[in-house]
1. Please enumerate the residues belonging to segment 272-286 that are over 27 Å from residue 239 (Cβ atoms) and in contact (Cβ under 8 Å) with a residue 40 or more places away in the chain.
2. Out of the residues in segment 526-556 meeting the condition of being buried (at least 18 other Cβ atoms within 10 Å of the Cβ) and farther than 12 Å from residue 503 by Cα, tell me which one is modelled with the lowest pLDDT.
3. Within segment 293-332, take every residue that is over 30 Å from the mean Cα position of the chain (by Cα) and free of Cβ contacts under 8 Å to residues at least 40 places away in the same chain and give me the one that is farthest from residue 443 (Cα to Cα).
4. Please go through segment 325-380 and give me each residue that is touching a strand residue (DSSP E or B) at 6+ places or on another chain (Cβ under 7 Å) and under 27 Å from residue 411 (Cβ atoms), ordered by number.
5. Out of the residues in segment 409-430 that are at pLDDT below 85 and surrounded by 19 or more Cβ atoms within 10 Å (Cβ to Cβ), which is farthest from residue 307 (Cα to Cα)?
6. May I ask you to say which residue of 170, 201, 195, 108 is outside the structural domain of residue 243 (by TED's automatic domain parsing) and within 30 Å of residue 246 (Cα to Cα)?
7. Anything in segment 563-573 that is within 29 Å of residue 512 (Cβ to Cβ), in contact (Cβ under 8 Å) with a residue 24 or more places away in the chain and either in a loop (DSSP other than H, G, I, E, B) or out of contact with any helix residue (DSSP H, G or I) (no Cβ under 8 Å at 6 or more places or on another chain) (or both)? List them, or say none.
């Protein structure tokens, strides 16, 4: 996560433009570590969310309201007493620290104008929201005593300061030549990786941005500082200088980096360090942060709730993989069955040439015209040796036939389990997980407990509309794949699926019309994106009219066959396709 000083700088710029001059209309504390300020400015109403949660510190504008507790916490009551209806004079960031100061002007109990500061510190486990005047802390959301921190106390009456701020270099305040001198001095102090050196010595740099600087400077981020060549130092200094200028100009481009379907990183300056990923832009820093944390929270929450299902499926995959390896080895051992059959036939033909006690017999193989030496058991006659070889052939043939069936069954089972794991990756909510659990119960992987009340499964497929106005549906699991293929689709509708890998069924409702090329490509992109190859640049997709798609009797959910189809190579980018719903009922 790159909630670094640069992101805070972009956020401060945005908040300044929208909130300065406005008045604090409402103050709420919906969560223990969270404040929600409602601010009115220039005829608009804004909600500013600030969270000091140790695992997820946040600050951004949101349109969402949150329910507050019946009795407001003490810190919230204190703020209401002092700064309810206060005017926002300024919103500033000291240097590139992960700190934002909201300077507020209000009337005290005597009716005199006063100024207070609400400071939001976004510092991981040290995050806090502090209410203070210019020097002294009035109160804070979290109290920190010397027993907790030997660096700084955060208690009423203590002097406020930002710990460690003077130790780091500041991209914005230092003179260019002075910054260069300090860089060259510090780089000689001890040998560490240059990537680590950057984020440890410059205020506001995250490890991700430090890696980006190294990447753009064409320097190995793991290279020790003492091993840097002069040209590499110059490249780094140039990139650091350019970065500082971009921040001063406010040239920010909020975006989220996606790996497949999951948000990987966010930033306010372009990243070149993530090639082959989708970088989706946003109109504001707040919109970017809200989207990122909502998606990340959803992915994290669903992954946590699906842990037990993933463990069951992964265990079954590992067990079947081991079984398949053993079956394939045993199947390979049956390759010599035809050799034993030839030995038996040739002994029936040339056995009269063998003499008692011979250990082998060399004959002409009439199948290829070459000499062949047949090993013999010297205690058996030629015919008895032939019978012995025919017996071996018969056993290996029966083993081959049985293993061929078993291997196919195991391969199908593995393919099915991989499709279930794919469905777990696509799950958006608990209803999706319930559907997958029900499928695993019916497939025998989970034992059904008791005769409890049956839960109605209401999860629905994803629904998209093509640029030409055609409705497209994507199954998120095997039940939904069967639903859209065999219940929603009609014979003339088109069906899409990634070739040779687990993935979603995609159907396009045609209503008798001929599909335009653009819709074919968009449907194929959906099939490619929602498949195991979704993180690749391109995926081969099969497509065919639904009437040619069949489900074999007794097959697992979602398993189908088709024999005449078209195929296309298509990219996995679906960012331009309109999503109607996320699969909720």
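1. Matches in segment 272-286: 286 only.
2. Only one residue tops the list, namely 556.
3. 332
4. Selection gives nothing.
5. The residue in question is 426.
6. From the options 170, 201, 195, 108, the qualifying one is 170.
7. Of everything in segment 563-573, those that are within 29 Å of residue 512 (Cβ to Cβ), in contact (Cβ under 8 Å) with a residue 24 or more places away in the chain and either in a loop (DSSP other than H, G, I, E, B) or out of contact with any helix residue (DSSP H, G or I) (no Cβ under 8 Å at 6 or more places or on another chain) (or both) turn out to be 566, 567, 569.
Okay, residues lined up against (1) without any contact (Cβ under 8 Å) to a residue 24 or more places away in the chain; (2) loosely packed, with under 13 Cβ neighbours inside 10 Å; (3) within 30 Å of residue 405 (Cα to Cα):
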site: 343; (1), (2), (3): no, no, yes
site: 346; (1), (2), (3): no, no, no
site: 358; (1), (2), (3): yes, no, no
site: 369; (1), (2), (3): yes, yes, no
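The values are calculated or read from the model by the stated rules, or taken from the named source; none is laboratory data. The model shown is predicted, which means the values in this text are computed figures rather than measured ones. Ideal geometry is used to build each Cβ from the backbone, glycine not excepted, and the neighbour counts take in all protein chains shown.
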